[in-house]
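Chemist: Shown below is the structure under consideration.
The values are calculated or read from the model by the stated rules, or taken from the named source; none is laboratory data. Because the structure is predicted, anything quoted here is derived from the model rather than measured. Ideal geometry is used to build each Cβ from the backbone, glycine not excepted, and the neighbour counts take in all protein chains shown.
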Amino acid sequence: MSMLFIDGKQVPASSGQSIPVYSPVSGEAYAEIGRGLSADVDSAVAAARSAVNGEWGQYSATQRGRILVEIGVRVLQNIEELAAIEAKDTGKPVALARKDIEALARYFEFYGSAADKIHGEVIPYLSGYSVSVVREPCGVVGHIIPWNYPAQMLGRTIAPALAAGNASIVKPAEDACMTSLRFAQIAHDAGLPAGALNIVTGYGREAGAALAGHPGINLMTFTGSPEVGVAIQTAAAANYVKCVLELGGKCPQVVFEDADLEKAVPILVGAIIQNAGQTCSAGSRVLIQRSIYDKAVTLIAERFSQMRVGLPESNPDCGPIITRAQFGRVQKFIEECRASDLPVVAQAKLDANLPENGYYVQPVVFGPVPRDHKLAREEVFGPVLAILPFDDEDDAVALANGTDYGLVASVWTENGARQARMARRLEGGQVFINCYGAGGGVELPFGGIRKSGHGREKGLLAFDEFTVTKTVVNHFS
Ligand code: NAI
Ligand code: MG
């Protein structure tokens, strides 16, 4: 059984109980993880507090940065092993898992190099005063992460936290935490002191809830479903703790009549097929100007029909869904779409050798989807694309902004003035023009508005979340 990682050591869960780990490829249990409970969270919080008050908290920014950069180096040295673990745990194509591990390393390179560049400010004030604003770590940070990009999510949230001098406790998703556990040991071996990073595996309603509601936490970050995000923020609020929440999206890709379709179509299709659509920033709605609707849909259908669902080692375009429960949820969504007679535009191909009990769904494109249909408004979190026509720019804006979410959007047009207008008018945390892809983009601030959440991770702006300012006023005359 895999252990928890607390205070620099692998330790068994206090419950003595385990949770089975299933392969999405075959549906078979292949490992076990510890079932952490609130007692384990207590130990992790105590270890993290000791780290903040001890060796880790004494390190200079340069020392912290060096350790983080070294972690990045070691992640790359172990990339094949980590990618294999990630692919086995999630079922995703090995090539995609490899990219995810590269991104994990990038987070440590980026934030490790930035650790000694977190500056404060000097503010001119009344005569006889000097005023500075210093940035300090928040303290102990709780991170609850999901299963869709386990390695990337880990790097995205802990690298800036550690760079800023915080200590972290991660509750990875029970459905995919093998990379986090292996990573913790690599980070420790690279010189990260005991207690700076702790991993408590377990169920969300047990270990996760215990972490979110723990009075010893100074900041919470969460990526996952809106419902759980609200529960976590509510629990944290009882302790006056701030939350950074990233809760998914229904991201629009807006295609105008002057778009370069040859360039656009592979990217439009890739944005929903990647990771079997289990991506917060999946481009799950393609909005097409009516004058080119038929032409664009034909090209999308051609491309989508060539997409292949297969085993991780064969590097297909699309793998399985993460768990039996999510598989059931996605299948039900597709069945509802079929039952409401939505026209099927295209379907991807399933390889012949897929294990019978694997969590494989057949990716599908529906269109035209009526604007009030569930598929036009709700996140599927599976390889299901909705295509909707629009009339003009105003209509496109209304449609694109017309869901509860606001995370990422893209615009496809060769008209520069329209690019600029659309970038202003589209609501959300990121807008891509004639491109798409938040997956890498370690440097690019990322996060949502409304139901997509709040706060920003990635880029240097993440330090606004992971530090707290102190204004120091000195009267010298
Ligand atoms: P979830 O939100 O339940 O799980 C995400 C994380 O939260 C996991 O680590 C889980 O253990 C933890 N968690 C669950 N309940 C908790 C609680 N009461 N207190 C504290 N932590 C808790 O997501 P789930 O059930 O795996 O997927 C459901 C839907 O959520 C998906 O269909 C998708 O729409 C959305 N989702 C969005 C993600 C994103 O990247 N924005 C990632 C994963 C899921
Ligand atoms: Mg859940």
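Chemist: I need a count of the residues in the stretch 230-250 that are buried (at least 18 other Cβ atoms within 10 Å of the Cβ) and either more than 8 Å from ligand 1 (Cβ to nearest atom) or within 19 Å of residue 282 (Cα to Cα) (or both).
Modeler: Selection size over the stretch 230-250: 11.
Chemist: Moving on to the next point. Among the residues of the stretch 179-196, what is the count of those that are among the hydrophobic types (A, V, I, L, M, F, W, C) and in contact with a strand residue (DSSP E or B) (Cβ under 8 Å, 6 or more places away or on another chain)?
Modeler: 5
Chemist: Same structure, new question: Any residue at all in the stretch 283-303 that's surrounded by 22 or more Cβ atoms within 10 Å (Cβ to Cβ) and touching a Ser or Thr at 6+ places or on another chain (Cβ under 7 Å)?
Modeler: yes
Chemist: Hand me the list of helices (runs of 4 or more DSSP H) wholly inside the stretch 165-254 holding 2 or more residues that are within 15 Å of ligand 2 (Cβ to nearest atom), touching a helix residue (DSSP H, G or I) at 6+ places or on another chain (Cβ under 7 Å) and not assigned by TED's automatic domain parsing to the domain that holds residue 68.
Modeler: none
Chemist: If you check 271, 325, which single one turns out to be within 21 Å of the chain's Cα centre (by Cα) and surrounded by fewer than 19 Cβ atoms within 10 Å (Cβ to Cβ)?
Modeler: 325
Chemist: Out of the stretch 245-263, which residues are of a type outside the set (Asp, Glu) and farther than 16 Å from residue 406 by Cβ?
Modeler: Listed by number, the residues that qualify are 255, 256, 259, 261, 263.
Chemist: Between a first residue in the stretch 267-284 that is farther than 15 Å from residue 249 by Cα and away from ligand 1 (no atom under 14 Å from the Cβ) and a second residue that is aromatic (Phe, Trp, Tyr) and in a helix (DSSP H, G or I), which pairs have beta carbons less than 8 Å apart while being 6 or more apart in sequence or on different chains?
Modeler: From the stretch 267-284, the pairs are 269/304; 273/304.
Chemist: Before we move on, is residue 35 under 30 Å from residue 358 (Cα atoms), assigned by TED's automatic domain parsing to the domain that holds residue 201, surrounded by fewer than 23 Cβ atoms within 10 Å (Cβ to Cβ) and basic (Lys, Arg)?
Modeler: Yes; evaluated as a whole, the condition is true for this residue.
Chemist: On to the next question. Residues of the stretch 160-179 being in contact (Cβ under 8 Å) with a residue 60 or more places away in the chain and touching a Phe, Trp or Tyr at 6+ places or on another chain (Cβ under 9 Å), which ones?
Modeler: Scanning the stretch 160-179 gives 160, 161, 162, 163, 164, 165, 166, 167, 174, 175, 176, 177.
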